[in-house]
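A short write-up of the structure that comes next.
The values are calculated or read from the model by the stated rules, or taken from the named source; none is laboratory data. The structure presented is a predicted model; accordingly, all values stated were derived computationally and were not measured. All Cβ positions, glycine included, derive from the backbone under ideal geometry; neighbour counts span all protein chains shown. The area values use the complete protein model at the heavy-atom level, side chains included, leaving out ligands, DNA and RNA. Shrake-Rupley method; radii C 1.70, N 1.55, O 1.52, S 1.80 Å.
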Amino acid sequence: MTKQVIKTLVVDDEPLARRGLRARLERHDDIQVLAECQNGLEAVSTISQLRPDLVFLDIQMPGLNGFQVIHKLRELNQPIPLVIFVTAYDSYAIKAFDVHALDYLLKPADDERLRLALDKVREYFSTQHQDEQSRKLVNLVAELTGDDCEEILRKLASGEPVETNPYPEVLAIKDGSEVTRVNVQDIQWIDAAGDYMCVHALDGMHIMRKTMKELEQELNPQWFVRVHRSAIANIRFVKKLVSHISGEYHLILQNDTELKVSRSHRDKVKAAMKM
């Protein structure tokens, strides 16, 4: 009897992690790795295009994290593939995913744990349970923003309610193997430095790899306004808006930082200042 080929996608922002997992998966003759994705936005696009059966999805990624990828697919009315989350949050993830009947891999994944996860995948497909599994997955993340992944997993594991909030209260900034949690309300302004964003908060500056457009969509527009193609300001820290004889406008923050307001964003900044 011919084995079913399971079309698979690997999503992780760490190249070594992607390559390592792919190499292990390719040892299984019924697993076909269609592609690799390095961030959540790429994952949404690739899942929509390739329609994989199975996705190994890292939770903590720049742009959209693993929870938000599921959110986005749901918003786009795309089929939800079977998902195995990949996480380093072992203190909460095991109980959280066991309770909600989801599978997971802890980084770094060993061959035996991967084999057990794949056996579970094969069972799902052989018994036609994938629709039920997709519903469970959607129900789990339907009300989660996923911006503070560790906190979400902790609440899931302890049975605490997770409130719906379209905008994060904490920005998780990843630097190698470390994740720094920055309170969004403490962010004064953000500016671009090449492919990186400089997040200026009350506790200092933090560097993160994310686009200005992604951050603009992620932050609450009631408080954060784009002032220039390469700068976002928190209105709560603005002292005044100054106009110059040349017609240019500048925002002066409470710490006397001066941000130029471009013509294309001037009206939006003025409107935000009137809130």
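A 21 angstrom limit on the alpha carbon distance is what I want to check against. Which of Lys213/Lys268; Lys72/Lys213; Lys174/Lys260; Lys7/Lys120; Lys7/Lys155; Lys174/Lys239 exceed it?
Lys174/Lys260; Lys7/Lys155; Lys174/Lys239
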Placing one identical point scatterer on every Cα of the stretch 6-131 and ignoring solvent, what is log10 I(q)/I(0) from the Debye formula at q = 0.11, 0.17, 0.20, 0.23 Å⁻¹? -0.33, -0.84, -1.23, -1.68
Here the residues of the stretch 176-210 lying in the modelled label zone of His244, meaning backbone nitrogen under 16 Å from a point 7 Å along Cα-to-Cβ, are none
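Calculate, in nm to one decimal, what Gln4 and Asp256 gain on full extension: separation in residues at 0.36 nm each, minus their alpha carbon distance.
On the way: separation 252, 0.36 × 252 = 90.72 nm, distance 6.35 nm.
So the chain would gain 84.4 nm between Gln4 and Asp256.
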Taking the Cα-to-Cβ direction at Asp90 and at Arg209 and moving 7 Å from each Cα, how far apart do the two end points lie in nm? 2.5
Residues of the stretch 246-275 with amide N under 16 Å of the 7 Å Cα→Cβ point at Glu216: 260-272
Quick check: pseudo-label points 7 Å beyond the Cα along Cα→Cβ at Ala271 and Gln185, how many nm apart are they? 2.6
Under a crude label model (7 Å from the Cα following the beta-carbon direction), how far is Glu160 from Asp110 in nanometres? 3.1
Probe of 1.4 angstrom, ligands and nucleic acids ignored: what's the accessible area per residue over the stretch 6-131, in square angstrom? 46
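Considering every pair of different Cα atoms, what Kirkwood radius, in Å, is found for the stretch 170-273?
Details: mean 1/r = 0.0715 Å⁻¹.
Kirkwood radius, the stretch 170-273: 14.0 Å.
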